[in-house]
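Report on one structure; see the data block that follows.
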Amino acid sequence: MLKFLKNLLLLTFLLTVVGSFAIYRYYFHDVLKYETQIYSELQSVGLEQYTPLLLGLMMQETKGKGTDPMQASESLGLAKDSIKSSSKSIQQGVIHFADVYQYGKKQGVDLETIIQSYNMGISYIDFVKGHGGKHSVPLAKSYSLSMVDTNPELYTCNNDKENFRYPYCYGDFTYSDKVLKKIKYFELYEALKHREA
């Protein structure tokens with residue numbers, strides 16, 4: 001019986017290690033390979049402390065995959081995935097983040113609003129400022145519906161009523177919450193990395 005328990009514990013440990021490695025490979029590896037460039041680009045605009053946040057944004061956008069890992073094409077007014085260079089994507093993603101960050105700070109909104117505006121556009125900051133200055137899911141839904149009303153043929157969720165966003169088909173009203181959860185992993189990674197250094 002004791003031998004069986006030891007083997008079971010060993011198997012559990014091995015499965016945990018293999019599972020953790022698989023999770024790291026699938027979820028984090030493709031994003032972390034851009035960490036140095038993201039840090040450098042943020043440093044050029046004086047926002048390097050937000051490296052975990054930008055890693056979280058990239059994780060939410062693409063998991064670090066594709067030629068536009070920051071999904072920054074649309075911030076230039078281009079069609080999705082128009083940027084064909086990960087380096088240019090990161091440069092533009094940082095520029096877009098810096099723009100919404102600086103404007104958000106000037107307008108006195110919270111960080112959650114700034115994160116949400118990376119997804120919904122800088123006008124979301126004005127909308128939130130006019131409604132108390134703090135992001136919330138109901139506010140994001142309200143803003144989304146107002147944008148859908150401006151162009152109902154474009155923002156349709158592909159007419160998929162099973163889509164969790166429907167009828168709030170402009171942006172993702174849960175974006176900020178999702179990014180904030182992902183940031184925690186990258187903050188932990190940064191803390192462990194500095195501890196080992």
**Request:** Confirm whether residue 154 is without any contact (Cβ under 8 Å) to a residue 24 or more places away in the chain and under 24 Å from residue 52 (Cβ atoms).
**Result:** no
**Request:** Output the residues belonging to segment 32-60 that are of a type in the set (Ser, Thr, Tyr) and touching a Ser or Thr at 6+ places or on another chain (Cβ under 6 Å).
**Result:** 39
**Prompt:** If you go through segment 25-66, how many residues are open to solvent by less than 60 Å² (accessible area, probe 1.4 Å) and outside any helix (DSSP H, G or I)?
**Reply:** 7
**Message:** For segment 82-98, which positions are open to solvent by 50 Å² or more (accessible area, probe 1.4 Å) and within 16 Å of the chain's Cα centre (by Cα)?
**Reply:** 91, 95
**Asked** From 125, 183, which residue is without any contact (Cβ under 8 Å) to a residue 60 or more places away in the chain, touching a helix residue (DSSP H, G or I) at 6+ places or on another chain (Cβ under 6 Å) and surrounded by 13 or more Cβ atoms within 10 Å (Cβ to Cβ)?
**Response** 125
**Complete:** When segment 143-180 is checked residue by residue, the ones that are under 30 Å from residue 32 (Cβ atoms), modelled with pLDDT of 95 or more and among the charged types (D, E, K, R) are 172, 177, 178
**Fill in**
The correct count of residues that are closer than 20 Å to residue 49 by Cβ and either aliphatic (A, V, I, L, M) or surrounded by fewer than 11 Cβ atoms within 10 Å (Cβ to Cβ) (or both) in segment 157-180 is 2
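The values are calculated or read from the model by the stated rules, or taken from the named source; none is laboratory data. The model shown is predicted, which means the values in this text are computed figures rather than measured ones. Ideal geometry is used to build each Cβ from the backbone, glycine not excepted, and the neighbour counts take in all protein chains shown. Ligands, DNA and RNA are stripped out before the accessible areas are found, and what is left, the full protein with its side chains, is counted by its heavy atoms. Shrake-Rupley method; radii C 1.70, N 1.55, O 1.52, S 1.80 Å.
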